[in-house]
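**Q** Take a look at this one; I'll ask things after.
The values are calculated or read from the model by the stated rules, or taken from the named source; none is laboratory data. Small disclaimer: the values here were computed from a predicted structure and weren't measured. Backbone-built Cβ (ideal geometry, glycine too); neighbour counts: all protein chains shown.
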Amino acid sequence: MIVEFSKAVALLLALCFVQSVIGLRWQNDELLGKTLSGILFGVICVIGMMAPIEVTPGVIFDARSVVVSMSGLFGGPITGGIAAVIAAGYRLWLGGGGTAVGVWVVVSCLLFGLAYRYCHLRGWLKVGLFQLLAFGLAIHAFEAYFLFRFLPDDVVQRVLENVSLPLVLTFTPATALLGMLLHSIELQVTTGKALVDSEQRFKDIAESASDWFWEMDRDLRFKYVSHRFHELFGYEDKQVIGKTREGLGGASDKDEGWREHLEDLQERRPFREFEYSIVRTDGQTRHLLINGQPVFGLDNSFLGYRGTGTDITERKLAEEKLTKARDELEQRVEERTAELKAAQSKLLRQERLAALGQLTGTVAHELRNPLGTIDASTEAIARQIRDTDVDLATPLDRIQRNVRRCDIIITELLDFARARGVEPESTQLDSWLTAVLNETRIPQGAVVHCNLGAGDTVLSFDRDRFRRAVLNLMENASEAITSKYADARGGEIQVATCIEGGRAKIEITDNGTGISDDALPEIFEPLFSTKTFGVGLGLPTVRQIMEAHSGDVEIVSNAQNHTTKAMLWLPLRNPGSISESE
Amino acid sequence: MMHPLSILIVDDDPDLAASLADLLALDGHEVHVEFAGEAGISSAVQHDYDLMLVDVVLPDINGFDCVAEIRKVKPDAPIVLMTGFSANHLNQEAADHRDVEIMKKPIDLGALSRRLKAI
C-alpha cells in the first residue's frame, strides 16, 4: 500500500516539475499555457487511474481528487476544466460500479478547487500549509461521505477496512504537499516573470532615455554604457569598456571638481551632479553631468559603481550666454547710470549757475544806476573845485578808478548771467577772428602771432557771445604776460585756428606765468580766481558759451615752462546752425 | 566853456538823472529832466532839444518806443539811448535799426562830453 502511495507522490512531483516548465516557457501565452497545464493535470490523473488501489473490481482509489482540486486551485477554470474532462472521461471509459461516484468525485474536487481559488483571489483565504491541510481534509472527508452514501454496503465495509484511513492520512497531506509545491512554483513563475519584465523595462528606459546609464567594475573601469552614450559622443563600446572615466574625460589634478570626484570614488561614496567634459569623436567638446551610486555585494564587498549621465552642453552654453548677457547688461546699466549721473550733475550745475546768473544779472544791473550817479556826482565835484585851491584830485581820482573797477565786475557778472541762449549766425571763422583780434587791447611790448588755418570755413555761432569767449581768453593771456614780464616785453601770444576731427579749433597760447597744478582743476569753477582783482567768472563764462554752442573749452598749462594753451572747440555744424547755414 | 545846449534827460532813477543834470549844468547847458517815457515824449515834442538822453528801461514805455513816438513828430530828433545792460548785439541791432545812438551805463562822461562838443 505504502509503495503505491509513494508512486502517487512521485507522480505528483513529476507533475510539479513539468508544470513549472510550462509556467516559465509559456508565461506570455496564457491560453496555451493553461491548456497545456490542463492536459498535464488530466494526463497525471489518467496515469494515476492506470495503477489504482482497487478495492473491488470497478471501485478504484487514486490521487485524482488531489490533482483535480489542485488544477482548479492553481490553474483556474480552463486548466481545471480540461484536467477534469480528461480525468472524468477516462474514468467513464474504465467503467465499473464506482463510475458514477468516480466522476462525481472529479467534478466535486474541481468545484472545491475553484471555490478555494475564488476565495484566495478575493483575499478571503490564504494559500498556506494549514489552509491546504484543512482543504485536503475537507475534500477527502466530503469524498468519504459520498462513498458511504452511494457505494453498496459491502464495498463500504471494505473501503472502511482497507482504504479510508490511508486515504485520509495520505491524500490530505498529499494535497497540502502538492498545493505547497504548486504554490511555490506559481510564486517562482510570477517572480521570474516580474524579473524579466523589470529587466526589459530597465533596458527600454536605458535605450530610450535622453540620459545614459553606465556601470563600472571594482577597478572603476566601465563595464557597461547604454546606447545613448554612443549616440551622443560617437564612441564605440570597445573605446569605452575597460576605460576609466578620468581616462575618457581628461582629468586634471588641478581641477578641484575632479579632485573631489576621485576622492568620492576612493571613499566609495555616492556622488551627485559631477560635471566634466569630454571631446566627442568629431572634436567638439561636450559637457557632461553624472550621478553615481556605489554597488556592494552581499558580503559588503565593493563591486563598482553605476549611475546616469546627462549631456548638459546646450544648457551650459545657454548659461554662459545668459551670464554674458547679464554681465553686459550690468555693464551697460553701470555705464548708463554713470552717464545719467554725469548728466544730472551737469544739469544741477547748470541750474545752479542759471540761478546764480539770474541773481547776479539783476543785482549787477541795479548797481549800474547808483554807480553812474557816483560817477557823475564825483565829476561834478571835480569840476567845481577845479579852479579853487581845494586839492581833492587824488581821492576823487580814486573814486572814479574804483567806479570803473565796479563797472568791469558788473560787466563780467552780466556776461556770465546771459551766457546761455545763443543766436548763431553763419560766420567765416578766420576773417571774423582777425577782426576781433584787431579790436583787442594787447599789453604794450607783447607780440601776437597769428596762424589761422581754418581757411574759408564758415561756422555757425553767436558772434557777440563767441567774441566774449575769445576776449576773455585773450585778457587772461595778456594778464599772464604782464604779471610775468614787467613791461610785457618778451611776452608772446599765439593765435591759431584749424579744422580737426570734424571740429574747428581756436588755440590761444601764451608764454606768461602758467597755471599751477593746484589751480588747474579749479579754473572752470565759478567764483574761483587767482587774480587779486576779478570775480572769477571769466573761464566759467567761456565754458558756458562753448557749451551753449555744443562746443568745448580745454586749457592745458605748464607752470614750469610758463606756457598756457587754451583751446576752443566748435562743431563744424552745431544743431542750431543747420537751418541758418543752408 | 562850450556853447550852451538844451538837453533832455529821461530816466526813472532820480539820483542818476539829477547828477547827470548837475554835471551838464556845470558846463552851462540847460537841462530838463523827465522820469517817465510819456512825459519825456511830450517834452521832446514840445521843445527843441539839442540832445535827448533816454533810458531804455522806463516804468511806462521803453526807450525804443519813446524814440519811435518822438520820431513820428520829429524825424531827425537827436536821441541817445542809455542802457544798463552791456551793449549786446540785440540792443545794438535795435538801435541801428532805428538809427539811434546807444551808450552804456554808467555813462562814460568823457565820451558824453565829446559827443556834446560835436553838436
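**Q** Could you list, in sequence order, all residues of the stretch B:42-55 that are touching a residue at least 40 places away in the same chain (Cβ under 8 Å) and either crowded, with 21+ Cβ neighbours inside 10 Å or assigned to a strand (DSSP E or B) (or both)?
**A** Pass one, the stretch B:42-55, residues touching a residue at least 40 places away in the same chain (Cβ under 8 Å): B:47-55.
Result: B:Tyr49, B:Leu51, B:Met52, B:Leu53, B:Val54, B:Asp55.
**Q** Residues in the stretch B:23-38 that are over 13 Å from the mean Cα position of the chain (by Cα), of a type in the set (A, V, I, L, M) and away from chain A (no Cβ under 12 Å): how many? It would help to see each step written out before you state the result.
**A** If we filter the stretch B:23-38 for residues that are over 13 Å from the mean Cα position of the chain (by Cα), which is where we start, we get B:23, B:25-30, B:38.
Remaining after also requiring of a type in the set (A, V, I, L, M): B:23, B:25-26.
Those still in the list that are away from chain A (no Cβ under 12 Å) too: none.
Number satisfying all stated conditions: 0.
**Q** So A:Leu433 ticks every box in (1) assigned to a helix (DSSP H, G or I); (2) surrounded by fewer than 17 Cβ atoms within 10 Å (Cβ to Cβ); (3) more than 14 Å from every other protein chain (Cβ to nearest Cβ) but one. Which box is left unticked?
**A** (2)
**Q** In the stretch B:1-13, how many are of a type outside the set (A, V, I, L, M) and over 14 Å from the mean Cα position of the chain (by Cα)? Give the steps one after another, and end with the answer.
**A** Going through the stretch B:1-13, the residues of a type outside the set (A, V, I, L, M) turn out to be B:3-4, B:6, B:11-13.
Remaining after also requiring over 14 Å from the mean Cα position of the chain (by Cα): B:3-4.
Residues in the stretch B:1-13 being of a type outside the set (A, V, I, L, M) and over 14 Å from the mean Cα position of the chain (by Cα): 2 in total.
**Q** Taking the residues in the stretch A:17-41 that are among the polar types (S, T, N, Q) and closer than 13 Å to A:Ile78 by Cβ as candidates, determine which candidate is surrounded by the fewest Cβ atoms within 10 Å (Cβ to Cβ). Spell out how you get there, then give the answer.
**A** Taking the stretch A:17-41 as the starting set, the residues that turn out to be among the polar types (S, T, N, Q) are A:19-20, A:27-28, A:35, A:37.
Keeping just the survivors that are closer than 13 Å to A:Ile78 by Cβ gives A:35, A:37.
Details: A:Thr35: 18, A:Ser37: 25.
Ranking the qualifying residues of the stretch A:17-41, first place goes to A:Thr35.
So that you can scan it fast, the table gives a plain yes or no per residue for (1) within 26 Å of A:Arg158 (Cβ to Cβ); (2) within 60 Å of the chain's Cα centre (by Cα):
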| position | (1), (2) |
| --- | --- |
| A:Leu40 | no, no |
| A:Ile53 | yes, no |
| A:Arg91 | yes, no |
| A:Val105 | yes, no |
| A:Leu110 | no, no |
| A:Cys119 | no, yes |
| A:Lys126 | no, yes |
| A:Gln131 | no, no |
| A:Ala141 | yes, no |
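**Q** Looking only at the stretch B:99-119, count how many residues are at pLDDT below 85, surrounded by 15 or more Cβ atoms within 10 Å (Cβ to Cβ) and either in a strand (DSSP E or B) or out of contact with any Ser or Thr (no Cβ under 7 Å at 6 or more places or on another chain) (or both).
**A** Matching residues across the stretch B:99-119 total 3.
**Q** Applying the selection to the stretch A:231-290, what residues are among the aromatic types (Phe, Trp, Tyr) and without any contact (Cβ under 8 Å) to a residue 40 or more places away in the chain?
**A** To start, the set of residues in the stretch A:231-290 that are among the aromatic types (Phe, Trp, Tyr) comprises A:233, A:235, A:258, A:271, A:274, A:276.
Scanning the stretch A:231-290 gives A:Trp258, A:Phe271, A:Phe274, A:Tyr276.
**Q** I'm told A:Asp264 meets every condition in (1) under 25 Å from A:Lys203 (Cα atoms); (2) not in a strand (DSSP E or B) except one. Can you identify the failing condition by its number?
**A** With respect to (1) under 25 Å from A:Lys203 (Cα atoms); (2) not in a strand (DSSP E or B), A:Asp264 is out only on (1).
**Q** Which of the residues belonging to the stretch A:13-41 are small (Gly, Ala, Ser) and at pLDDT below 85?
**A** We begin by selecting, within the stretch A:13-41, every residue small (Gly, Ala, Ser); these are A:14, A:20, A:23, A:33, A:37-38.
Residues satisfying the conditions are A:Ala14, A:Ser20, A:Gly23.
**Q** I'm trying to understand the selection: among the residues of the stretch A:42-62, which are of a type outside the set (A, V, I, L, M), surrounded by 20 or more Cβ atoms within 10 Å (Cβ to Cβ) and modelled with pLDDT under 90?
**A** Start the filter on the stretch A:42-62 by keeping residues that are of a type outside the set (A, V, I, L, M), which leaves A:42, A:45, A:48, A:52, A:54, A:56-58, A:61-62.
With surrounded by 20 or more Cβ atoms within 10 Å (Cβ to Cβ) added as a condition, the list becomes A:42, A:45, A:48, A:61-62.
Hits for the stretch A:42-62 are A:Cys45, A:Gly48, A:Phe61, A:Asp62.
**Q** Here is a follow-up. Suppose we filter the stretch A:353-396 for residues that are assigned to a helix (DSSP H, G or I) and either within 20 Å of B:Asp27 (Cβ to Cβ) or within 10 Å of chain B (Cβ to nearest Cβ) (or both); how many remain? Can you show your working first?
**A** Keep residues of the stretch A:353-396 that are assigned to a helix (DSSP H, G or I), which gives A:353-385, A:393-396.
Going one step further and asking which of them are either within 20 Å of B:Asp27 (Cβ to Cβ) or within 10 Å of chain B (Cβ to nearest Cβ) (or both), we end up with A:361, A:364-385, A:393, A:396.
Residues in the stretch A:353-396 being assigned to a helix (DSSP H, G or I) and either within 20 Å of B:Asp27 (Cβ to Cβ) or within 10 Å of chain B (Cβ to nearest Cβ) (or both): 25 in total.
**Q** Same structure again: Filter the stretch A:290-324 for residues that are small (Gly, Ala, Ser) and in a strand (DSSP E or B); which is nearest to the chain's Cα centre (by Cα)?
**A** Pass one, the stretch A:290-324, residues small (Gly, Ala, Ser): A:292, A:297, A:301, A:304, A:307, A:309, A:318.
Next, from what is left, pick out any that are in a strand (DSSP E or B): A:292, A:304, A:307, A:309.
On the way: A:Gly292: 22, A:Gly304: 32, A:Gly307: 23, A:Gly309: 18 Å.
Filtering first and then ranking leaves A:Gly309.
**Q** Let me ask you something else. Give all pairs with beta carbons closer than 6 Å in which a residue from the stretch A:389-416 that is assigned by TED's automatic domain parsing to the domain that holds A:Asp375 and farther than 29 Å from A:Arg468 by Cβ meets a residue that is surrounded by 13 or more Cβ atoms within 10 Å (Cβ to Cβ) and not β-branched (Val, Ile, Thr); count only pairs at least 6 apart in sequence or on separate chains.
**A** Cβ pairs passing all conditions: A:Leu396/A:Ala382.
**Q** So which residues in the stretch B:11-22 are at the interface with chain A (Cβ under 7 Å from one of its Cβ atoms) and touching a strand residue (DSSP E or B) at 6+ places or on another chain (Cβ under 9 Å)? If you could, list the steps in order and put the result at the bottom.
**A** Going through the stretch B:11-22, the residues at the interface with chain A (Cβ under 7 Å from one of its Cβ atoms) turn out to be B:13, B:15-16, B:19-20, B:22.
Scanning the stretch B:11-22 gives B:Asp13, B:Leu16, B:Leu20, B:Asp22.
**Q** Could you please find all residues in the stretch A:210-241 being part of a loop (DSSP other than H, G, I, E, B) and at pLDDT 90 or above? Lay out the reasoning, then the answer.
**A** Looking only at the stretch A:210-241, we keep the residues that are part of a loop (DSSP other than H, G, I, E, B), and these are A:210-211, A:217-220, A:226, A:234-236, A:241.
Once the filter is applied, which keeps residues that are part of a loop (DSSP other than H, G, I, E, B) and at pLDDT 90 or above, the stretch A:210-241 yields A:Asp217, A:Arg218, A:Asp219, A:Leu220, A:Ile241.
**Q** Further question on the same structure: I'd like to verify a number: residues in the stretch A:478-515 that are at pLDDT 90 or above, of a type in the set (Val, Ile, Thr) and more than 19 Å from A:Leu570 (Cβ to Cβ), how many?
**A** 1
**Q** What pairs come out if I take residues in the stretch B:99-119 that are more than 11 Å from every other protein chain (Cβ to nearest Cβ) and under 15 Å from B:Leu51 (Cα atoms) and pair them with residues that are among the charged types (D, E, K, R) and in a helix (DSSP H, G or I) whose C-beta lies under 9 Å away, six or more apart or interchain?
**A** Filtered contacts from the stretch B:99-119: B:Asp99/B:Arg71; B:Val100/B:Arg71; B:Glu101/B:Arg115; B:Ile102/B:Asp96.
**Q** Which residues, counting only those in the stretch A:209-230, are under 29 Å from the mean Cα position of the chain (by Cα) and surrounded by 13 or more Cβ atoms within 10 Å (Cβ to Cβ)?
**A** A:Ala209, A:Asp211, A:Trp212, A:Phe213, A:Trp214, A:Glu215, A:Val225, A:Ser226, A:His227, A:Arg228, A:Phe229, A:His230, listed by residue number.
**Q** Of (1) in contact (Cβ under 8 Å) with a residue 24 or more places away in the chain; (2) over 19 Å from A:Tyr224 (Cα atoms); (3) out of contact with any Ser or Thr (no Cβ under 8 Å at 6 or more places or on another chain), A:Gly309 satisfies all except one. Which?
**A** (2)
**Q** Looking only at the stretch B:10-41, which residues are surrounded by fewer than 15 Cβ atoms within 10 Å (Cβ to Cβ) and in a loop (DSSP other than H, G, I, E, B)?
**A** B:Gly28
**Q** Among helices (runs of 4 or more DSSP H) lying entirely in the stretch A:51-140, which contain 3 or more residues that are in contact with a Lys or Arg (Cβ under 7 Å, 6 or more places away or on another chain)? Quick ask: steps written out before the conclusion?
**A** Numbers: elements: A:64-70, A:76-94, A:99-121.
Correct list: A:76-94, A:99-121.
**Q** Would you mention how many residues in the stretch A:470-506 are touching a residue at least 60 places away in the same chain (Cβ under 8 Å) and within 14 Å of chain B (Cβ to nearest Cβ)? I'd like the intermediate steps shown before the answer.
**A** As a first pass, look at the stretch A:470-506 and keep what is touching a residue at least 60 places away in the same chain (Cβ under 8 Å): A:470, A:472-473, A:475-477, A:480, A:484, A:495, A:497, A:499, A:502-506.
Pick out the ones that are also within 14 Å of chain B (Cβ to nearest Cβ) and you get A:472.
Residues in the stretch A:470-506 being touching a residue at least 60 places away in the same chain (Cβ under 8 Å) and within 14 Å of chain B (Cβ to nearest Cβ): 1 in total.
**Q** Please find, among A:Leu347, A:Leu317, the residue that is more than 30 Å from A:Ala209 (Cβ to Cβ), more than 11 Å from chain B (Cβ to nearest Cβ) and not small (Gly, Ala, Ser). Before you say what the answer is, go through the steps one by one.
**A** Values: A:Leu317 fails: more than 30 Å from A:Ala209 (Cβ to Cβ).
Going through A:Leu347, A:Leu317 in turn, just one is more than 30 Å from A:Ala209 (Cβ to Cβ), more than 11 Å from chain B (Cβ to nearest Cβ) and not small (Gly, Ala, Ser): A:Leu347.
**Q** Failed condition for B:Asp48, given (1) of a type in the set (Asp, Glu); (2) farther than 30 Å from A:Asp387 by Cα; (3) within 12 Å of chain A (Cβ to nearest Cβ), with all others met?
**A** The one condition B:Asp48 does not meet is (3).
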